[in-house]
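A.B. asks: Quick one: the structure is below, and I'll ask about it shortly.
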Amino acid sequence: MVIATECFPEQTARPSAGAAADTRRIAWDDIAFEVPANWELAAYHYARGDLVQLSLEDELAVRMEVEWIRPQSRRDIRRMMQSYQQSARKLTSRAATSGPVEGLKEGWSGAIYTIRESAVGYTSGSLRDVEHVMVTASFCCPEDSLICFIKLHFLPGDHESPEGLLQLISASFRHFRDTPMIPWELYDIEFDLPRHFVLERTHFDIGAKLMVFRWKHCRLHLWHFSCADMFLKEGTTVQEWVTGYLNGFGGIKGPVFSLGPDGEIQWRRRARYGLAHREEASRWCRNYRIGYRRDLERNQLVVWVYNFRSPRDLAMLPATPASRHGMEEQVAS
């Protein structure tokens, strides 16, 4: 199974030409774009009608809102564009100044607004005028396979150029429409998965980030643990730590994990769930594939558990790559 850190196929490679050192790429659910390096994922939401929404923030506030949809008909396109145009008219009526953003890539259109509002001063307690900038943009894929809308927020003191940032986003934006593998890049995570796997839920914590994907009846748990050297102390092997963590994890109840005679990670069914745990039975998936990889360069430990029904389901996962960048890896059945 490929959980590829810095091993993207050519079609998902990070753009290098013109990419500044103080930017990073965000990749989520078949789109990717460059943003300032200190921007991170704040929230995500999957709405009805195949609408995906992301919010990105810096150390102080939400800086970017992006949403996209894969239209099923021309009616969807008209509805989304009408919604965007209505929002633009409201912003124009509120703005002190407004104008187009030039220098965007084909398919993009953008506008910049200067908005003056009254706010209470932190120290004086009196009302004062505050000026901030908002940038909006829309992108319609030439094949009508994707429509994307963006809002960028700039407060006094923000150092980014509003026009330059939107130009960067439009130049680096990619839609992985037909590629068999799609990239996921957020926080300190980078990996590719087959596009058939759909994100089901997440749990992001400091030092431990879990993403759960599904494909038909199968389920894939994928963890990225940061600062691996802090918990893999002398005398504790990777296999021992992974086994203990999985046994303590409450989200996988059917099996119990143990070390085999050669130190490999094994699993067996818990006695009280002779046939299957009810969660497994609902999908009739009673088999597991466990794997891990330690990345010494990033000081990360990547762990995955694939719950599947039959050996044919394993064909949906690509083979685990050869060790590189100082990684150790194991796949256990």
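Throughout, read-outs are computed from the coordinates displayed, never taken from laboratory work. This one's a predicted model, so the numbers in the text were calculated from it and none came from an experiment. Cβ coordinates were reconstructed from backbone atoms using ideal geometry, including for glycine residues, and neighbour counts include every protein chain displayed.
A.B. asks: Run down the aspartates and glutamates and flag those whose C-alpha is under 15 Å from the C-alpha of Lys216, throwing out any fewer than 8 positions away in its chain.
C.D. replies: List returned: Glu200, Glu279, Glu280, Asp313.
A.B. asks: Shifting gears a bit: Most exposed first by the Cβ proxy, i.e. fewest other Cβ within 10 Å, how do Met230, Met181 rank?
C.D. replies: Met230, Met181
A.B. asks: Given the options Thr97, Pro71, Ile147, identify the residue whose Cα lies farthest towards the positive end of the charge dipole of region 31-175 (+1 on Cβ of Lys, Arg; -1 on Cβ of Asp, Glu).
C.D. replies: With unit charges placed on the Cβ atoms, the residue in question is Pro71.
A.B. asks: Cβ under 13 Å from Ala315's Cβ, Ala315 left aside: what net charge do those residues give with Lys, Arg +1 and Asp, Glu -1?
C.D. replies: +3
A.B. asks: When Lys and Arg each count +1 and Asp and Glu each count -1, what net charge do the other residues less than 13 Å away from Phe257, Cβ to Cβ, add up to?
C.D. replies: +3
A.B. asks: Kindly put Arg298, Arg48, Arg269, Arg63 in sequence by how many other C-beta atoms sit within 10 Å of each C-beta, fewest to most.
C.D. replies: Arg48, Arg269, Arg298, Arg63
A.B. asks: How many nm separate the modelled label positions at Leu91 and Glu297, each set 7 Å beyond the Cα in the direction of the Cβ?
C.D. replies: 3.9 nm
A.B. asks: Additional query: Sort Val256, Val101 so the one with the fewest other Cβ atoms within 10 Å of its own Cβ comes first.
C.D. replies: Val256, Val101
A.B. asks: Moving on to the next point. Show me 161-172, 237-248, 70-81 ranked by packing, highest mean number of other Cβ atoms within 10 Å first.
C.D. replies: 161-172, 237-248, 70-81
A.B. asks: Glu59: net charge of surrounding residues, Cβ under 12 Å, Lys/Arg +1, Asp/Glu -1, itself excluded?
C.D. replies: That sum, taken over residues with Cβ under 12 Å, equals -3.
A.B. asks: By how many nm would the segment from Glu59 to Asn38 lengthen if fully extended, with 0.36 nm per residue of separation less the alpha-carbon distance?
C.D. replies: The span from Glu59 to Asn38 would gain 6.8 nm if fully extended.
A.B. asks: Please give me, ordered by residue number, the trypsin sites (Lys or Arg not before Pro) of region 177-265 that lie in loop per DSSP and have at most 12 other Cβ atoms within 10 Å.
C.D. replies: Hits after loop and neighbour filter: Lys233.
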